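One structure is given here, and the rest of the page talks about it.
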Amino acid sequence: MQPLPQLLDEEHVFEAERPEVLILACGAIAREVLAVIELNGWTHVTVRCLPGKLHSTPAKIAPAVDAKLRELKGDYERIFVAYADCGTAGELDKVLDVHGVERLPGAHCYGFFAGNDAWQIMHDAEPATFYLTDFLARHFDSLVVKSLKLDRHPELKPLIFGNYKRLVYLAQTDNPDLVERARKAADYLGVTFEQRRTGYGELLPSLERFANA
Amino acid sequence: MNADSDAQEVDLGSLVDDDLVAQMHDDLYDGLAAEILEGTEILLERGWGPDKVLNDALVEGMRIVGIDFRDGILFVPEVLLAANAMKGGMGILRPLLAETGAERMGTVVIGTVKGDIHDIGKNLVGMMLEGAGFEVIDLGINNPVEAYLEALEEHKPDILGMSALLTTTMPYMKVVIGALEEKGLRNDQIVLVGGAPLNEEFGKAVGADAYCRDAAVAAETAQALVLARRAAAATAS
């Protein structure tokens, strides 16, 4: 895969050779969406990513998706939204109902990567779990430490993370650098570390159903 | 006001009361814990009652912080720093308030629901409720329905407050309210719910008396509903 641009803060378009359908994706899963496209050799699927940092501000997701769907209406034969509910508490579904567009299953990316049922069992076993995906392991420092100002106010760490007991890194790929970053994140939070190799989980069949329809 | 800017040195003791209170609002906004402690002590030395210091300096300051948080001007770190500063002032005032023997507004049992370990919002609500004159029984995080029922039985509160941050855990509020209804206990207390993914529609759907969008609203709602309930009871008797 080509080196990817900055997906955390900016919106990006990955144009297909012969664009017919569009996946409007969260920047936090852009790599995985592009990997699925490459894996399948799809040349008709354009990907447009909203900034990955929206992961931390769920209230902004539904309005951002709505604005983008309005802008792109008519440009593609079909559109799929590669977001789960992502903390919008049904607000994203209200927007998608208006546009007649479908999204990924489940509550969040941890769920569709791990498998929503498997994630629920894992979470019920230990609710005090902090989850990382490849993207979140890669951007832990900027998305968590810096955005919560823990670098300047370390006294906030126990107030924000004091209840967590373990960190589970849901790995999409085998990347020793990301494993190390995730392990360091667990050390930083003062919690136990576990790694589970999920691959692309429910992302793969969901995108296949859309792209091959 | 900016929590990250270099604060100019201000001699708090040299300020007249109104200016000192205004300065404390600024200091709370900027999360300056030492300055809040000092301001609290100065006002007490000047003969202010602990309730007046609490309401005029601390609660009002946090109310301003809450408004700017709601409007997207402040974010979680700044609110936590402000709350931390207020906590210091409350530490001084709490024993003094207890000594005055002032009648409590009521009692609140509050806790984050089962499966959820997030408590930043709940802790802010607890602090603002305490500031509003309530005794707050904090059950902490990850509370099953049994923990709520036990606490309600033990403390007989005026209000039950439930909090959730996750969309996967917020439906548990309905489980708790359902259990109260089943046992015929639902009307024994007011039920308030809150948390980032909730809204008024959700509050109604689960059968709560009110959804509170932030800590200041929670304190105002708690006061208003308790007073209304007492007035209704007085009329009925």
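By the Cα gyration tensor, chain B has an equivalent ellipsoid whose semi-axes, rounded to whole angstrom, run 33, 21, 14 from largest to smallest. With the convex hull constructed from alpha-carbon coordinates only, region B:114-194 shows a mean projected area of 4.8 nm² over all directions. If a spin label sat at a point 7 angstrom from the Cα of A:N40 along the line to its beta carbon, the backbone N atoms of region A:100-116 nearer than 15 Å would be those of A:102-105. For chymotrypsin sites (Phe, Trp or Tyr not before Pro), the sites in region B:75-179 that DSSP calls loop and that have at most 16 other Cβ atoms within 10 Å are B:F75.
Shape analysis of region B:142-237 yields a ratio of the Cα radius of gyration to the Kirkwood radius, Rg/Rh, of 0.96. Across chain A, Cα-Cα distances exceeding 29 Å account for 24% of all pairs.
In percent, rounded to a whole number, the relative contact order of chain B is 16, using alpha-carbon pairs under 8 Å and six or more apart. Kirkwood's formula applied to the C-alpha pairs of region A:117-213 gives a hydrodynamic radius of 14.6 angstrom.
In this Cβ point-charge picture (+1 for Lys and Arg, -1 for Asp and Glu), region B:87-175 has a dipole of about 280 debye about its Cα centre.
For the protein assembly as shown, the spherically averaged projection of the C-alpha convex hull amounts to 24.7 nm². A simple spin-label model places pseudo-atoms 7 Å from Cα toward Cβ; at A:R166 and B:K183 they are separated by 3.1 nm. Over the residues of chain A, the helix contribution to mean residue ellipticity at 222 nm works out to -10500 deg cm²/dmol, using -39500 (n - 2.57) for each DSSP H run of at least 4. With angles folded into 0 to 90 degrees, how steeply does helix A:116-125 sit against the dominant principal axis of chain A? Use alpha carbons for both and round to 10. Approximately 10 degrees, to the nearest 10.
The aspartates and glutamates whose alpha-carbon is closer than 12 Å to the alpha-carbon of B:K114, local same-chain residues fewer than 8 away aside, are A:D124, A:E126, B:E146.
Scaling against 2.2 N^0.38 Å puts the C-alpha radius of gyration of region A:2-50 at 1.04.
Not counting the cut sites, what is the longest span of chain B without GluC sites (Glu not before Pro) that DSSP labels loop and that have at most 14 other Cβ atoms within 10 Å?
B:104-237
Placing pseudo-labels 7 Å out from each Cα toward the beta carbon at B:D51 and A:H12 gives an inter-label distance of 6.0 nm.
Scoring A:46-58, B:13-25 by mean Cβ neighbours within 10 Å over their residues and listing the highest first yields A:46-58, B:13-25. With a Förster radius of 35 Å applied to the beta-carbon distance between B:A22 and B:E150, the computed FRET efficiency rounds to 0.20. Sketch the reach of a paramagnetic label on B:V175 as a point 7 Å from Cα along Cα-to-Cβ, and name the residues of region A:151-191 whose backbone nitrogen lies under 20 Å away. Label zone hits: A:164-165. Take every Cα pair under 8 Å whose residues are at least 6 apart in sequence, average their separation, divide by the length of region A:148-213, and the relative contact order is 35 percent. Ranked by how many other Cβ atoms sit within 10 Å of their own Cβ, fewest first, the residues B:L198, A:L159 fall in the order A:L159, B:L198. With respect to chain A, whose longest principal axis is taken over its alpha-carbon atoms, helix A:30-40 is tilted by about 50°.
None of the figures in this text is laboratory data; all of them are computed from the coordinates on show. These figures come from a predicted structure and were not determined experimentally. Backbone-built Cβ (ideal geometry, glycine too); neighbour counts: all protein chains shown.
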